[in-house]
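A.B. asks: Provided herewith is a single structure, encoded as structure tokens, for subsequent inquiry.
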Amino acid sequence: MPRLNFCPRCANPLTTRSDGGRDRQACPDVECGFVHFGDFSIGCSAVVLREEAGQTKALLIQRGQEPFAGTWQVPGGYAEHDELLASAVEREVQEESAIEAKFQDVVGFRHMTVGPSTNVYIICRLRYEGGEPNYDGVETADARFFSMDELYSVKGVQNISRWGIRQALNTPVGAGLSIDLHGSDPSRWQLFGLTDIDPGDWR
Ligand SMILES: [Zn+2]
């Protein structure tokens, strides 16, 4: 991971400290307490399915910018540091395709330790609510609903997107990790589980 020279909190030059069995860069100011554990990010993406003339179709967007410009993928992006997953993924769908969709459940995720940061990429199933695909022509070069045949015949569809769409197609809505409202505080955290637990457990 990239080395830091200075503390990002208080600008002191960093030293090395053993923490959790590894040498880590750390701030010498104990009151500051900064330890550099690494760079982490949370990505999210959306499988949005809709029926058109008896055919199930999945929403894909074509990347307008590098990396991977020209490839097709399910819409998505990074969750901001103060943004909960369901809001982030709904926002990304709206921004990239102008489609309104509502979070339903998590159908899979990828954990990756290569790239600019250690990343968890969470693939969500969203219910189509309305709108037709539209895009800015810069970040998103195109957006449309693909039939299952097109998913395999159109060039440049990302494997991870096909994988996520298959997860959603092969499972009933709600079979994945859903938000347990009893264990969630809508402004601060969301708890995802395979089933709702008796609210008595949250006393
Ligand atoms: Zn510091």
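A.B. asks: Considering only residues that are out of contact with any helix residue (DSSP H, G or I) (no Cβ under 7 Å at 6 or more places or on another chain) and part of a strand (DSSP E or B), look in the range 44-69 and name the one that is farthest from ARG166 (Cα to Cα).
C.D. replies: ARG63
A.B. asks: Determine whether the range 81-94 contains at least one residue that is closer than 22 Å to PHE146 by Cβ, out of contact with any His (no Cβ under 6 Å at 6 or more places or on another chain) and small (Gly, Ala, Ser).
C.D. replies: No, every residue in the range 81-94 fails to be closer than 22 Å to PHE146 by Cβ, out of contact with any His (no Cβ under 6 Å at 6 or more places or on another chain) and small (Gly, Ala, Ser).
A.B. asks: Could you grab me the full set of residues in the range 40-66 that are charged (D, E, K, R) and either more than 20 Å from LYS102 (Cβ to Cβ) or not assigned by TED's automatic domain parsing to the domain that holds ALA101 (or both)?
C.D. replies: Listed by number, the residues that qualify are ARG63, GLU66.
A.B. asks: Now a separate question. If I filter the range 13-52 down to residues being in contact with a strand residue (DSSP E or B) (Cβ under 7 Å, 6 or more places away or on another chain) and among the polar types (S, T, N, Q), which single residue comes out as farthest from the ligand (Cβ to nearest atom)?
C.D. replies: For the range 13-52, the residue satisfying everything is SER45.
A.B. asks: Mind checking whether some residue in the range 117-132 is in contact (Cβ under 8 Å) with a residue 24 or more places away in the chain, assigned to a helix (DSSP H, G or I), in the same structural domain as GLN65 (by TED's automatic domain parsing) and surrounded by fewer than 17 Cβ atoms within 10 Å (Cβ to Cβ)?
C.D. replies: no
A.B. asks: Among the residues of the range 92-103, is any part of a strand (DSSP E or B) and in contact (Cβ under 8 Å) with a residue 40 or more places away in the chain?
C.D. replies: There is at least one residue in the range 92-103 that is part of a strand (DSSP E or B) and in contact (Cβ under 8 Å) with a residue 40 or more places away in the chain.
A.B. asks: Please state which of the following conditions TYR78 fails to meet, knowing it meets all the rest: (1) in contact (Cβ under 8 Å) with a residue 60 or more places away in the chain; (2) surrounded by 15 or more Cβ atoms within 10 Å (Cβ to Cβ).
C.D. replies: (1)
A.B. asks: Go over the candidates PHE109, PHE103 one by one and state the one that is of a type in the set (Phe, Trp, Tyr), surrounded by fewer than 21 Cβ atoms within 10 Å (Cβ to Cβ) and assigned by TED's automatic domain parsing to the domain that holds LEU59.
C.D. replies: It is PHE109.
A.B. asks: Something else about it: Is it fair to say SER41 is among the hydroxyl-bearing types (Ser, Thr, Tyr), modelled with pLDDT of 95 or more and either surrounded by 11 or more Cβ atoms within 10 Å (Cβ to Cβ) or not in a loop (DSSP other than H, G, I, E, B) (or both)?
C.D. replies: So SER41 passes the test.
A.B. asks: Mind checking which residues of the range 9-22 are free of Cβ contacts under 8 Å to residues at least 12 places away in the same chain and either closer than 30 Å to ALA79 by Cβ or crowded, with 16+ Cβ neighbours inside 10 Å (or both)?
C.D. replies: The answer is ALA11, GLY20, GLY21, ARG22.
The values are calculated or read from the model by the stated rules, or taken from the named source; none is laboratory data. These numbers come from a predicted model, not from an experiment. Positions of Cβ are backbone-derived with ideal geometry, glycine not excepted, and every protein chain shown enters the neighbour counts.
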